[in-house]
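In what follows, a single structure is set out as structure tokens and then discussed.
The values are calculated or read from the model by the stated rules, or taken from the named source; none is laboratory data. What you see is a predicted model, and the numbers here were worked out from it, not measured in a lab. Note that each Cβ is placed from the backbone with ideal geometry, even for glycine, and that neighbours are counted across all protein chains shown. When the accessible area is computed, the model is the full protein with side chains, heavy atoms only, and any ligands, DNA or RNA have been set aside. Shrake-Rupley method; radii C 1.70, N 1.55, O 1.52, S 1.80 Å.
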2 protein chains.
Amino acid sequence: MAPKREISIKDVKVDDSFWNGRIGNAVEKAVPYQWRVLNDQEPGAVPSHAVMNFKICAGLAEGKFGGFRFQDSDLAKWIEAAAYSLLYKDSPEIRAALEEAVSVIEKAQQPDGYLDTYFILEKPEERWRDIAHGHELYCAGHMLEAAVALFQVTGSSRLLQVMEKTVNLIRQVFGEGEGQISSYPGHEEIELALMKAYRATGQEAYKELALYFIENRGAKPGFLEEPGFQNASKNRWFQASYHQAHARIREQETAEGHAVRAMYFFTGAADAALETGDPTLKAALEKLWENVTRRRMYVTGGVGSQGEGECFTIDYDLPNDTCYTETCAAIGLAMWALRMLRLEPKEEYAAIMERALYNNVLSGISQDGEHYFYVNPLLVKPEVARFRRDHQDVEPDRVKWFGCACCPPNITRTLCGLGGYIYTRKGDAIYQHLYIGNTGEFETEQGKARLRCVSSMPWEGKAEIAYSGPDGVEVYLRVPGYGENFRITKAGAPVSFTLSQGYARLCPQDGDAYTLSFGMKAQYLQANPQVLEDCGKACVQRGPLVYCAEEADNGPLLNSFTADLSQPPVLETSPLFGGVTVVKAAGSQIDWEKWPANALYAPAPAPTRPASLTLVPYFLWNNRGAGEMLVWMNAR
Amino acid sequence: MAPKREISIKDVKVDDSFWNGRIGNAVEKAVPYQWRVLNDQEPGAVPSHAVMNFKICAGLAEGKFGGFRFQDSDLAKWIEAAAYSLLYKDSPEIRAALEEAVSVIEKAQQPDGYLDTYFILEKPEERWRDIAHGHELYCAGHMLEAAVALFQVTGSSRLLQVMEKTVNLIRQVFGEGEGQISSYPGHEEIELALMKAYRATGQEAYKELALYFIENRGAKPGFLEEPGFQNASKNRWFQASYHQAHARIREQETAEGHAVRAMYFFTGAADAALETGDPTLKAALEKLWENVTRRRMYVTGGVGSQGEGECFTIDYDLPNDTCYTETCAAIGLAMWALRMLRLEPKEEYAAIMERALYNNVLSGISQDGEHYFYVNPLLVKPEVARFRRDHQDVEPDRVKWFGCACCPPNITRTLCGLGGYIYTRKGDAIYQHLYIGNTGEFETEQGKARLRCVSSMPWEGKAEIAYSGPDGVEVYLRVPGYGENFRITKAGAPVSFTLSQGYARLCPQDGDAYTLSFGMKAQYLQANPQVLEDCGKACVQRGPLVYCAEEADNGPLLNSFTADLSQPPVLETSPLFGGVTVVKAAGSQIDWEKWPANALYAPAPAPTRPASLTLVPYFLWNNRGAGEMLVWMNAR
């Protein structure tokens, strides 16, 4: 049984005017669509071959392995998303698809528990020989997350039994005993999955393996003497740091290497710190958190400044046009933030989690729920993105699916699993971090507590929160850093509260209904002057939303506009996208019709004219075709 | 004999307070140093093997080919530079070295005239089979330029005789006749060399071969069906446009592909247009000139916006930090401008030639004359340049020599051959484009005319020009576009003149001494608003010199400064670099000591304080160690 403080995905159901449509798209469109893609039944999409690989292993079909060596993880992420989707729509078709998937996986599993279809079909003699790049542990991790999701949502432990066998095999293969491999995953993921399985089942073996991988990481030789690593590491972007294996975690001063790997690693390590209570591990994570969020993170919550190696670069290096800022990395940052909140509920962690979710994560999927971004830049000029080598990862148009399809199912599982990000618990105290409409149920010592939230976020700083349940349950409500005049009232009367690390502490009684309100003005932000690319510029944020200018609203040459910081940005309700709050930024623009004809350079000052830009929330960009976009405006 | 209108390199000798030290460095240091490098006798430098390759071909040594396949061109460029250096210092050692080089080359030449050491030693069966990338015609072109230089300076035609044989072989191999190869060089260079040889010797065969290559370029298949091209062109940066072979020259609307190749091609084509008088070729060049200089050129006269393919990208795409702006490409732009001046003397061409020479060319060599830049960026943050993939071509420190050593001998021949850029002729009319101190002698119908110029440029807009010679010779003096209140006086009295396309027409008499003067104020320039990277920014130019800010003078975080365009930049005489004019730019800077501690983003406006930057001429950057540098400052 799960420890009591654990919140199961089943306990929190989102019902929110902002998110319902997005979750609905994921449930109604993405989950069925992705199942067809994974079965190679979607005509427009790049063939996935993911299900077929399992069928071949199961003896249900003939053929050769297809796709990337980590293709199994696409099916795993889909299972996780599909399981969560049942919370919102109990679809017989999706239940049947899940049954079918699990049956095939059961049959594909080898007698000793081994499950990776790439190695089964392509390189049966080379199991566990390319830990650095083989992705066997990565795929096992995602399948274990899928198994936990299925177990939590449907109660079915069939896939969990499959994965228990796989994990037992991994525990035999890896370790410090004789004949065991002393190593750690080339792509972290299984650590956090093992911690999830431990928290869902209470079985110590999961936790022990996770701790082994986390604590052993960075030990030499690990995988660092494997031929696969040696070969790849001739490229300077594929050194040990690419895998966060350049040092033990407590000796890592900065977040290095592949951003998704780093986020997944730190997520699993934070889970471990919570379970072990080890203050040195917590301190290491706090140091890395500070490095990421105060030196290496875009204002959109994006991480990963460079496409080559999909990696962190150096402190304050945040180019806006050539960044990588992969959707999956922002998801990873949100996952890590959630674990930091479990370790210690601090408003800062919630703010970063919210920043990632409402900006770089949500920008990864289109309004219609069917088109994706892998890379989420903050500055785009489409003709430059199409031409230049250093923009090769930047898509100026959203795409339906990717050959390397990690992001689409990752967004889908995040949307369908959004309820998991709203609350954490500290014993019987319940912390609400995100004002997303939902109903949550929490078993406590005193009995079952229920919270119901109706929210106007992110468009208005207002939420109604109703409590039902026993006395004596503490509820901590986040006081967002950006909120002005944060107030809580009950039946119109102000409620006084104590503030603890950015949370308002309440001790509600059954039937209490609170109204939260706070001002959210659109605000110009500037970046630390160490960020070369943002010097002389400003962006607009309102509440959790970062805004951007698009060519669709403003015409081209967006960078010829200069915002006047002395004029606050003005809010406007717009019919765009079914009704959103847009922002008008006032300033001046180079009057390019008066620019000397045909001149490349001319004496200053260039002729200007008063102008204003209409800004839309960043997550909405590129829903109206390719065009220029920028987040950081010239400013004075 | 050369046609009378031709100015030989021997006719103009530079003697100028600004340039003497630089030419002296080239003559005294670079020419002997490079000879040692080419002979693998310089301990610190990457072994060149260039002379050794010829020695092996000559049977004077044993061994294998070493270096790049175009290694021969390094020796050729050195011969050209060394020949020019004799004009400034008639060194017996250099004469002996030249004798030795020519003797080895004579012996290395094959009986049929073939000369390329790479193919002789490495691939004797594959002559003329990899025209796209083999560089045989490129190397022959440079050796022909060297031969012309030696002939013009020393009167020795030994190398010219060698190259006449080589050219005769090329004329047999290439052409439209039966058994001939219908093609054109993969790397242009021989076209301009052939035109030089034609102008120096009057032999039509040189001109005919040049015209064939120029006019045939872009014809299919040319080299486009060669395996070497097919293989390379799988990379999108190595298509036909990389070689300017995507269309015939008259159909080329924009400058495409490898920037050095393009510049060399257009240089040779402009030579051809002059000799043929073909107005359609001239018009094509004017169109390409406009594209390059009004859409694709940095303010420093640099061309080539991208390292991958060392190429032009798209109109107005001028990133300041990741640019290529190879020293050799700027030299090529100056060479092309000189030919456009011969075609039609217009101030615009001289201004671009001067811009390239005083900025992107001169920045390629250090003050000590011994350290080089291949890439000349306009924005550098050393730690970013060292780390990021898209900065891999940017060296934050000057280097002594390059494995691919095209630039060092190219700068050396340009410095030693600088006299060739000062004047052009139109019949007996003499045009002076650059105010560089010199004495020039010109044979005219009326007899020998002499001009002597003493100049204070680029620090002051002042020059003394003395004429001696017959009456009836027209002298056109450039009125620089940046010059204010341009005046000519004779014995203190104003001289009136007519203005023709930016040149003041004089008809001097023997003994006339003119004083030219014009104001040169430091001026803020802005870039066309289509240039995304420069929007909201300004740079400072004074006369021909573009200025930059360096960390050495201003501390770090240069981009946190914003120039106030309402305050004109102020000139200051500085003891730096033995005495130069620096510029003070007034404005404000983010007061980063007051920036909220440890914050990555914070509400605007950031605290600022009044500040000023000291700007030094761009060509002087990075003579005081690695540090931040920028040309384009934030401005308001």
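Restricting to region B:309-323, count the residues that are assigned to a loop (DSSP other than H, G, I, E, B), of a type outside the set (S, T, N, Q) and at negative phi.
So the answer is 8.
Return the residue satisfying two criteria in turn: it lies in region A:585-607 and is over 30 Å from B:Leu288 (Cα atoms) and in contact with an Asp or Glu (Cβ under 6 Å, 6 or more places away or on another chain), and of such residues it is surrounded by the most Cβ atoms within 10 Å (Cβ to Cβ).
Of everything passing the filter in region A:585-607, A:Gly587 is surrounded by the most Cβ atoms within 10 Å (Cβ to Cβ).
Could we say that B:Asn622 is buried (at least 23 other Cβ atoms within 10 Å of the Cβ) and either without any contact (Cβ under 8 Å) to a residue 60 or more places away in the chain or assigned to a loop (DSSP other than H, G, I, E, B) (or both) here?
Yes; evaluated as a whole, the condition is true for this residue.
Restrict the check to region B:513-530 and report whether at least one residue is open to solvent by 30 Å² or more (accessible area, probe 1.4 Å), part of a strand (DSSP E or B), more than 14 Å from chain A (Cβ to nearest Cβ) and without any contact (Cβ under 8 Å) to a residue 12 or more places away in the chain.
No, region B:513-530 contains no residue that is open to solvent by 30 Å² or more (accessible area, probe 1.4 Å), part of a strand (DSSP E or B), more than 14 Å from chain A (Cβ to nearest Cβ) and without any contact (Cβ under 8 Å) to a residue 12 or more places away in the chain.
Just to check your reading of the model, which residue among B:His135, B:His142 is under 29 Å from the mean Cα position of the chain (by Cα) and either open to solvent by less than 10 Å² (accessible area, probe 1.4 Å) or not assigned by TED's automatic domain parsing to the domain that holds B:Ala83 (or both)?
On the way: B:His135 fails: either open to solvent by less than 10 Å² (accessible area, probe 1.4 Å) or not assigned by TED's automatic domain parsing to the domain that holds B:Ala83 (or both).
It is B:His142.
For region A:353-368, give me the residue count where each residue is open to solvent by 20 Å² or more (accessible area, probe 1.4 Å) and over 24 Å from A:Val31 (Cβ atoms).
1
Does region B:306-331 hold any residues that are out of contact with any helix residue (DSSP H, G or I) (no Cβ under 7 Å at 6 or more places or on another chain) and facing another protein chain (nearest Cβ under 8 Å), and which are they?
B:Gly307
Going by what's in this entry, would B:Gln392 be described as touching a Phe, Trp or Tyr at 6+ places or on another chain (Cβ under 8 Å) and open to solvent by 10 Å² or more (accessible area, probe 1.4 Å)?
no
Can you tell me which condition B:Ile79 does not meet? The list is (1) assigned to a loop (DSSP other than H, G, I, E, B); (2) open to solvent by less than 40 Å² (accessible area, probe 1.4 Å); (3) at pLDDT 95 or above, and all the others hold.
Exception for B:Ile79: condition (1).
Within region B:608-619, can you find the residues that are open to solvent by 10 Å² or more (accessible area, probe 1.4 Å) and out of contact with any helix residue (DSSP H, G or I) (no Cβ under 7 Å at 6 or more places or on another chain)?
Matches in region B:608-619: B:Thr608, B:Arg609, B:Pro610, B:Ala611, B:Ser612.
Which members of region A:531-546 meet the condition of being in contact with a Leu (Cβ under 8 Å, 6 or more places away or on another chain), within 8 Å of another protein chain (Cβ to nearest Cβ) and basic (Lys, Arg)?
none
For region B:280-300, check the following and say yes or no: at least one residue is surrounded by fewer than 24 Cβ atoms within 10 Å (Cβ to Cβ), acidic (Asp, Glu) and more than 11 Å from chain A (Cβ to nearest Cβ).
yes
Name the pairs: first residue in region B:547-574 and away from chain A (no Cβ under 11 Å), second residue open to solvent by 40 Å² or more (accessible area, probe 1.4 Å), Cβ to Cβ under 6 Å, at least 6 apart or on different chains?
Short answer, once both residue conditions are applied: B:Ala552/B:Arg624; B:Val570/B:Lys584; B:Glu572/B:Lys584.
Of the residues that make up region A:368-387, is at least one at pLDDT below 95, within 14 Å of chain B (Cβ to nearest Cβ) and touching a helix residue (DSSP H, G or I) at 6+ places or on another chain (Cβ under 9 Å)? So that I can check it myself, show each step before the final result.
We begin by selecting, within region A:368-387, every residue at pLDDT below 95; these are A:368-374.
With within 14 Å of chain B (Cβ to nearest Cβ) added as a condition, the list becomes none.
No: region A:368-387 contains no residue that is at pLDDT below 95, within 14 Å of chain B (Cβ to nearest Cβ) and touching a helix residue (DSSP H, G or I) at 6+ places or on another chain (Cβ under 9 Å).
Just wondering, is there one or more residues in region A:335-349 that are in contact (Cβ under 8 Å) with a residue 24 or more places away in the chain and among the small types (Gly, Ala, Ser)?
No, region A:335-349 contains no residue that is in contact (Cβ under 8 Å) with a residue 24 or more places away in the chain and among the small types (Gly, Ala, Ser).
In region B:198-256, how many residues are outside any loop (DSSP other than H, G, I, E, B), crowded, with 16+ Cβ neighbours inside 10 Å and aliphatic (A, V, I, L, M)?
8
Out of all the residues in region B:487-508, is one or more surrounded by fewer than 24 Cβ atoms within 10 Å (Cβ to Cβ), within 14 Å of chain A (Cβ to nearest Cβ) and of a type in the set (Lys, Arg)?
no
Criterion first (assigned to a strand (DSSP E or B) and within 21 Å of A:Gly492 (Cα to Cα)) does A:Ala449 satisfy it? Break it down stepwise before answering.
Values: assigned to a strand (DSSP E or B): yes; within 21 Å of A:Gly492 (Cα to Cα): no.
It is false that A:Ala449 is assigned to a strand (DSSP E or B) and within 21 Å of A:Gly492 (Cα to Cα).
Return a yes/no flag: does region A:348-360 have any residue that is assigned by TED's automatic domain parsing to the domain that holds A:Tyr33 and part of a loop (DSSP other than H, G, I, E, B).
no
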